[in-house]
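These notes are about the structure you will find just below.
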2 protein chains.
Amino acid sequence: MKGFQIFNRASTAITNRATPSKLLIVLTFGAAGGAFLAISDDSPFRSLTAGESGNDGGKKKKLVVLGTGWGGTTFLKNLKTSAYDVHVVSPHNYFTFTPLLPSVTNGTVEARSIVEPIRNIVRNKPYNVEFKEAECYRIDPVNKKVYCRSIQNLGHGENEFALDYDVLVIAMGARVNTFNTPGVEEHAHFLKEVDDAQKLRRSIIDCYERASLPTISDEEKKRIMHFVVVGGGPTGVEYAAELHDFASQDLASLYPSLKDYLKITLLEAGNHILPMFHKKVTDFANEKFQKDQIDVKTGSMVVKVSDKDISTKNRATGQIEAIPYGVVLWSTGIATRPVIAEFMEKIGQAGKRVMATDEWLKVQGCDDVYALGDCASIDVGDFKEFVKDIYERYPQVRKYLEKNKLKNFESLLRNAQGDSQKKIDIEALKKALSEVDSQVSFLPPTAQVASQQGKYLAACFNKAGRCEMKPEGPFRFQESGGRYPFHPFSYKHSGQFAPLGGEQAAVQFPGDWVSIGHASQGLWYTVYASKLVTWRTKVLVVSDWFRRFTFGRDSSHL
Amino acid sequence: MKGFQIFNRASTAITNRATPSKLLIVLTFGAAGGAFLAISDDSPFRSLTAGESGNDGGKKKKLVVLGTGWGGTTFLKNLKTSAYDVHVVSPHNYFTFTPLLPSVTNGTVEARSIVEPIRNIVRNKPYNVEFKEAECYRIDPVNKKVYCRSIQNLGHGENEFALDYDVLVIAMGARVNTFNTPGVEEHAHFLKEVDDAQKLRRSIIDCYERASLPTISDEEKKRIMHFVVVGGGPTGVEYAAELHDFASQDLASLYPSLKDYLKITLLEAGNHILPMFHKKVTDFANEKFQKDQIDVKTGSMVVKVSDKDISTKNRATGQIEAIPYGVVLWSTGIATRPVIAEFMEKIGQAGKRVMATDEWLKVQGCDDVYALGDCASIDVGDFKEFVKDIYERYPQVRKYLEKNKLKNFESLLRNAQGDSQKKIDIEALKKALSEVDSQVSFLPPTAQVASQQGKYLAACFNKAGRCEMKPEGPFRFQESGGRYPFHPFSYKHSGQFAPLGGEQAAVQFPGDWVSIGHASQGLWYTVYASKLVTWRTKVLVVSDWFRRFTFGRDSSHL
């Protein structure tokens, strides 16, 4: 009856946690579940404890953090132990509040307002910290070394260096996924960094100024003034909306002769824009964009980008069309960075789509390495095994579910807990599980996930010493030979915004509660202002908004 | 007695003008004086009149303005006639408030806060206006054409175009004067445009980040952290002071290990820094810089700049020394742009140091072309001829001056006007005249001069039509065959600031009235806020100052 014990323990763990969102609890289970099958005597934080480090003659452990995005920065901000010498390596000496990048591209918010120097963030922390502005290009888990390269291209043997680590935290994010579409790297704009936003902004003004020259033919003007956004996710939609506002509210009066040439197109390979949102949101966005004359083309796959044309393939008809464009923004999803892919091969993860960690964010297949944010994903492979196990052992689950018409796995477990004699329908369980699985198998590559992971991992590091010294305290789940001092990572989804331009936004909260309109835009302003990482950025962004309301957006070619 | 009539008329013109500063009045005379000897029937604004343009079948005259700096922008802002189709050509689609560039380099003020799109400035003007973001590379005064090149490097015959003009206003500014010092173009930073300020800022942060890398030797750190400013004028001094504040107030706490490596050096070829200021100011600046550990080296000429060393020659000893540096700012003065030099050859000004205009800002030697700001200078050659004439004709001037101990030419003229029987000492007159001459021969290449010229020229253009139709009205100086509808340009100097860091500044008002300290810095803030070109920039800059006071300067590598 080992399986049932596991089942029971898991459901206890779940129902004991008071969380407002169903999805989250299930996710917790999804992550935690696997762990109970993969029981071992290794604590995933064994290398972190101050006790151990104390045995090394008082020498502090060397913690290397790669990356200063949402994951890395939140980790550093919340790390409150003096047990480490921390070394941070990142090509950017600042943290970027990425959700406001579309605003930067159109001058609604100033680039400098959404960044915070990482040295400022780690100032006055109890740990020693050194920052190195460099890119990690190789991780060697055998010799516990990371190899780095300065972004300044110094030459003379000054450019490259290696850092030893005792513990490594990888928070390097991901690269843009071009799906190997020819010409994208060369001709398209991306929107991942502040530089990208500034370049995109200059390119838009480039187009306006170029189209104002007397040498440009009418046809060429039409091409130059055609702005294409590829990808109907929240970033693409927000950018298209912001660009429309910038063009109609600010640029139209300054470049009156170009008003009729302007065209904005949004290309989406799937059947809907904003597929992760409720249908109400998608419908509203479609209507709003139609009113705004933003041309939304769904079922339209980009097959090639040249310097002046973007070729799309209609997924229904198979027809290929080349559309002349002035600027194209590529915003379709993310892929693994080459350095991570190479590292995955070394640790036996070659076949995986994304680097796998366990539910405590420890990278599977190597010691003392943790990974956060877009560069990794919690592996739920074991969870699927666990489910298969249940299917075989408890066929009565099917009937139970049939009778109770339980909608999802959490209710199933909660009820099962209350009355263990009830029977469960295996098909309904399967369905419930598959629903759960599709939701938990990959956490979305968002700021929310990365920052919660950073906070979680920092809390684990903070507590590690205390745990070792007082094992009866925060240690949990000590049965069955497993010694896990911490809860596994649990993601709490607080909702998602989709700004749609014209001071309107859509917001979808957990439980599919949806709100659309001006009030949601107000909420968007409030939430984003409150989420900004320091007081400085909060004040700067809010005053940028006031500046924009008062004076409009700037069209200088800067 | 023609000479005396001229003399009398000139002095009448001068004494009739109530101006607070002696220098200004003399300057007016200096400019006006030449005109009376160069009498002709041509009105310098004959091509501007609406009357004439009315004769062309109602077709408006085509006015081309080259440049959107202080001169061009003030001209466009003050032009209030519908008599022209205006075409503006400039490589920048915005106006830059250049006095705040040193603040931008250190993040005290945001780049976007000190620029204003030129289209915004000319919006709602009575004249039609078209802006072209391009660089003029040739002016053809014979066929009345300017040849322009887009800054976007378009190719396919789209890059270059020609514009006809009826009237041309050249306000292209000047280039940096490198005195042909080898290596300056390649390795030194300049501070003329917003781009320059942004690049310089990034280079400073580059150095801090590079010096923080583990591969850098101590000696190399010393080199990297050595910032050199060449030129002890107001810009160089202000930049050195601002950089010191940035380093000590903001960067020192973020890069504590680099504090001892930092060194700022100010090189000046002359004997004093701030040579255009009163000795009190120079002394104060020297003391302040000594306290701040900014190394001021006077009598030190730069002879070569390589990628890592700057070679200076001690003017007293002739000794040459190579100093390793991290960043060098070159701020030593201005020179004529190649396009202007080529144009000067065409119009017979090949030998001149700077393009010469008459006292109404009309370019000498060609019709319908006006020039403003740093790219031109009012020619006072005729004035010298005029003075020689006086020497020969009125030797009694010597005695008059001896007796009255008159200090300068204006008093001389004013008194001469009151009692024409008095005798004048020719030597004293010569001395007075030479004093005057050294002050007026070239107006300083400042924002003040250019903007006053822009305003003046716009007023002339605005009145031109009215003058033609009602000649007895604003026309002046109609005797002796000359028909000059306008006063010649008269520069009113309102004083000059030299910010010295640590919230202290020096200010020198006309009449050598000097104030130094925190109050002057307060005045600096007030004056600069009030002088900003639009309400938008005013509010932005002031709020940038508040941001800086509250949160310090940003050190992000943007």
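The values are calculated or read from the model by the stated rules, or taken from the named source; none is laboratory data. Values in this document were obtained by computation on a predicted structure and should not be read as measured data. Because the Cβ atoms are built from the backbone with ideal geometry, glycine has one as well, and the counts that use them run over all protein chains shown. Surface areas here come from the heavy atoms of the whole protein model, side chains and all, with no ligands, DNA or RNA. Shrake-Rupley method; radii C 1.70, N 1.55, O 1.52, S 1.80 Å.
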Worksheet item: When ranked by the protection proxy of mean other Cβ atoms within 10 Å per residue, highest first, what sequence do the peptides A:99-105, B:202-208 form?
Response: A:99-105, B:202-208
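Restricting to Cα pairs below 8 Å that are 6+ residues apart, what does the relative contact order work out to for the range A:184-333? Please round to a whole percent.
Details: 247 pairs, mean separation 48.7, N = 150.
Contact order relative to length: 32 percent.
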Worksheet item: Applying the Karplus parametrisation 6.51 cos²θ - 1.76 cosθ + 1.60 with θ = phi - 60° to the phi angles of the range A:304-312, what ³J(HN,Hα) value in whole Hz is obtained for each residue in order, glycine and proline being reported as x?
Response: 6, 10, 9, 5, 10, 10, 10, 9, 10
Discussion item. Are there any residues in the range A:97-130 with a reduction of at least 30 Å² in accessible surface when going from the isolated chain to the assembly of protein chains? Probe 1.4 Å, please list them by number.
Written reply: A:Glu110, A:Arg112, A:Pro117, A:Arg119, A:Arg123
Practice prompt. Every other copy gets compared here: list the nm distances from the B:Ala252 label point (7 Å along Cα to Cβ) to its counterparts, shortest first, one decimal.
Written response: 5.3
Fill in: Heavy-atom accessible area, 1.4 Å probe, ligands and nucleic acids excluded: residues of the range A:209-242 down by at least 50 Å² from chain alone
A:Glu209, A:Leu213, A:Pro214, A:Thr215
Practice prompt. About the Cα centre of the range A:184-333, how large is the charge dipole given +1 on each Lys and Arg Cβ and -1 on each Asp and Glu Cβ? Please answer in debye to the nearest 20.
Written response: 340
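Beta carbons within 10 angstrom, averaged per residue: use that to sort the peptides A:133-143, B:364-374, highest first.
Numbers: A:133-143: 17.9, B:364-374: 23.7.
My ranking of the peptides, most packed first, is B:364-374, A:133-143.
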Worksheet item: At a 1.4 Å probe radius, carbon and sulfur cover how many percent of the accessible area of the range B:184-333?
Response: 45
Fill in: Pseudo-label separations to other copies for B:Gly495 - Cα-to-Cβ vector, 7 Å, nm
5.5
Worksheet item: So what's the gap between the Cα centers of the range A:280-347 and the range B:243-259, to the nearest angstrom?
Response: 45
Worksheet, complete the sentence: Computed over the range A:140-247, protein heavy atoms only, probe 1.4 angstrom, the accessible area per residue in square angstrom equals 37
Practice prompt. Within 10 Å, count the other beta carbons around each residue, average over each peptide in B:500-511, A:66-77, A:298-309, and list them highest first.
Written response: A:66-77, B:500-511, A:298-309
Practice prompt. Could you pull the copy-to-copy label distances for B:Asn462, with points set 7 Å along Cα to Cβ, in nm to one decimal and sorted shortest first?
Written response: 6.4
Worksheet, complete the sentence: Out of B:Ile273, B:Ala316, B:Val302 - ranked by how far each Cα lies towards the positive end of the dipole of the range B:184-333, with unit charges on the beta-carbon of charged residues - the top one is B:Ala316
Practice prompt. Could you let me know the centre-to-centre spacing of the range B:135-154 and the range A:107-135, using Cα atoms, in angstrom?
Written response: 46
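List the accessible area buried at the contact between B and A, summed over both sides and calculated with a 1.4 Å probe, in Å² to the nearest 100. Present the calculation step by step, with values, prior to reporting the outcome.
Working: alone 25900 and 25940 Å², together 47120 Å².
In total, this chain pair buries about 4700 Å².
Which FRET efficiency, nearest 0.05, do A:Phe179 and A:Lys308 yield, Cβ-Cβ r, R0 22 Å? Mind showing how you got there, number by number?
Details: r = 21 Å, r/R0 = 0.96.
My answer for the efficiency is 0.55.
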Worksheet entry | Carbon/sulfur fraction of accessible area - the range A:127-172, other protein chains in place, 1.4 Å, % | 39
Worksheet entry | Sum of side-chain charges, A:Phe343 neighbourhood, beta-carbon under 13 Å (Lys, Arg +1; Asp, Glu -1) | +3
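Computed FRET efficiency, Cβ-Cβ of A:Lys199 and B:Lys59, R0 30 Å: what is it to the nearest 0.05?
So the FRET efficiency works out to roughly 0.10.
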Worksheet item: Excluding A:Ser212 itself, what net charge comes from residues whose Cβ is under 10 Å from its Cβ, given Lys and Arg +1 and Asp and Glu -1?
Response: +1
Fill in: Probe 1.4 Å, protein heavy atoms only - accessible area per residue of the range A:253-343 in square angstrom
51
Worksheet, complete the sentence: With the dipole of the range A:488-551 defined by +1 on each Lys or Arg Cβ and -1 on each Asp or Glu Cβ, the option from A:Phe546, A:Val533, A:Gln504 whose Cα lies farthest towards the positive pole is A:Val533
Worksheet item: Name the residues of the range B:536-556 whose accessible area falls by at least 10 Å² when all protein chains are present instead of the chain alone, probe 1.4 Å?
Response: B:Arg536, B:Val539, B:Leu540, B:Ser543, B:Arg547, B:Phe551, B:Asp554, B:Ser555, B:Ser556
Response to the item:
Simple spin-label estimate for B:Glu321/B:Ser515, 7 Å along Cα→Cβ, in nm, reads 3.8
Worksheet item: Per 5 Å bin, what is the whole-percent P(r) computed from every C-alpha pair distance within the range B:184-333?
Response: 2, 9, 19, 22, 21, 15, 8, 2, 0, 0
